[in-house]
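Just below is one structure, and these are the notes that go with it.
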Amino acid sequence: MSKTALKASIIATSSNCHGCATVAAVCQHGYLMNDTDYMRAALDMASRALAAGEVPVGAVVVMSGEIIGRGFNAPISRHDPTAHAEMSALRDAARHRGNYRLVDCELFVTLEPCLMCAGAVMHARIARLVYGASDPKTGACGSVVDAFAEKLLNHHTEVTSGVLAEQCGAILSDFFAERRAEQKKGRGNV
């Protein structure tokens, strides 16, 4: 699937009710938002990363059913190793609230957070983390390590995994397959 078709597909799936793409607790047509809807909003953010040539990971922070923070991967363009989707969404939400503590908030992210992002989730006091695809290389929610299971830590975030895992994994798999094909094609011309 091309980048344009994939982006259009993600945006189309972000609409649930009569074509309404409003992202709030209840859209204008009375549709109650759920984990799947918020993960679709995170996928929309991942499509922005994809369009910018970044690894397509997106995240949103939700408080009382309203998205108050959004972010997507941008470490390459920002020359910043901490510019992960989760970090950007947490920063955006903290600015929105005027407080770095995001108590009673939920973070939805398309890929299992790394250890750095898991630490930020804990420091922000996020109540619940929801992620789509597991990350067998750097996942800190059980795939490689489980930072959230450490009983000695003073904050414990509830973790839900696998929401829209197939779609979240597909955007990443397609991105890396395209990258490998480009690299292979480049080596063939040398």
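For the reader, a short list of remarks on this structure follows.
- Between Lys137 and Glu150, the distance separating the two model label sites (each 7 Å from Cα on the Cα→Cβ line) works out to 2.3 nm.
- Rounded to two decimals, the Cα radius of gyration of region 82-132 over 2.2 N^0.38 Å is 1.00.
- Converting phi to 3J(HN,Hα) with the Karplus coefficients 6.51, -1.76 and 1.60 and the offset θ = phi - 60°, region 97-108 yields 7, x, 7, 6, 7, 10, 4, 6, 9, 10, 10, 10 Hz in sequence order, with x at every glycine or proline.
- Charge tally for Ala149 (other residues, Cβ to Cβ under 14 Å; Lys, Arg +1; Asp, Glu -1): -3.
- Over region 145-190 - Rg/Rh using Cα atoms and the Kirkwood inverse-distance radius: 1.32
- Pair-distance distribution of region 84-175: all C-alpha pairs, bin width 10 Å, starting at 0; shares per bin in whole percent are 17, 52, 27, 4.
- Ranked by the mean number of other Cβ atoms within 10 Å of their residues, highest first, the peptides 91-104, 57-70, 171-184 come out as 57-70, 91-104, 171-184.
- For region 34-133, alpha-carbon Rg relative to the globular expectation (2.2 N^0.38 Å, N residues): 0.94
- The simple spin-label model puts a point 7 Å past each Cα toward its Cβ; for Ala181 and Thr160 those points are separated by 3.5 nm.
- Taken per residue, the accessible surface of region 30-94 reaches 36 Å², heavy atoms only and a 1.4 Å probe.
The values are calculated or read from the model by the stated rules, or taken from the named source; none is laboratory data. Keep in mind the model is a prediction, meaning the values are calculated, not measured. Don't worry about glycine lacking a Cβ; one is built from the backbone with ideal geometry, like all the others, and counts go over all protein chains shown. Heavy atoms of the whole protein, side chains included, go into the accessibility calculation; ligands, DNA and RNA do not. Shrake-Rupley method; radii C 1.70, N 1.55, O 1.52, S 1.80 Å.
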